[in-house]
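The values are calculated or read from the model by the stated rules, or taken from the named source; none is laboratory data. These numbers come from a predicted model, not from an experiment. Here Cβ is always computed from backbone atoms with ideal geometry, including for glycine, and neighbour counts include all displayed protein chains. For accessibility, only protein heavy atoms count, side chains too; no ligands or nucleic acids. Shrake-Rupley method; radii C 1.70, N 1.55, O 1.52, S 1.80 Å.
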Amino acid sequence: MQFDDAPEEFLDPLMATLMSDPVELPSSHNIIDRITIKRHLLNDPHDPFNRSPLTLEQVIPRPDILKKIEEYK
C-alpha cells in the first residue's frame, strides 16, 4: 500500500518511508524508524544527525507517534 500523502512527521528522515517502529535518538532528538537506525549502527556507532556516540539500547520508543501512524493508515 502506498502512503504518498503521509505527513512528513510519519516518514523516516533518512529513507523517506513510512515508519513502522518510530524511535527517538537521545542526543539529536530526531525520530527515525528502528530498522533504519539499527542498520546504520551496524556500520557506524554514532547518531547520523549529530555524530554523538549511540547504541541501539539508547534509542527511545515513541508509541505516541506509532499510534498516530496507525490511525493515519
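Could you list all residues from the range 1-23 that are over 12 Å from the mean Cα position of the chain (by Cα) and surrounded by 14 or more Cβ atoms within 10 Å (Cβ to Cβ)?
Ala6
Looking only at residues that are open to solvent by 50 Å² or more (accessible area, probe 1.4 Å) and among the aliphatic types (A, V, I, L, M) in the range 24-55, which one is farthest from Glu8 (Cα to Cα)?
Leu42
May I ask you to list the residues in the range 21-53 that are of a type outside the set (D, E, K, R) and either in contact (Cβ under 8 Å) with a residue 60 or more places away in the chain or assigned to a loop (DSSP other than H, G, I, E, B) (or both)?
Listed by number, the residues that qualify are Leu25, Pro26, Ser27, Ser28, His29, Asn30, Pro45, Pro48, Phe49, Asn50, Ser52.
Which of the residues belonging to the range 56-73 are over 11 Å from the mean Cα position of the chain (by Cα), open to solvent by less than 80 Å² (accessible area, probe 1.4 Å) and not β-branched (Val, Ile, Thr)?
Leu56, Asp64, Tyr72
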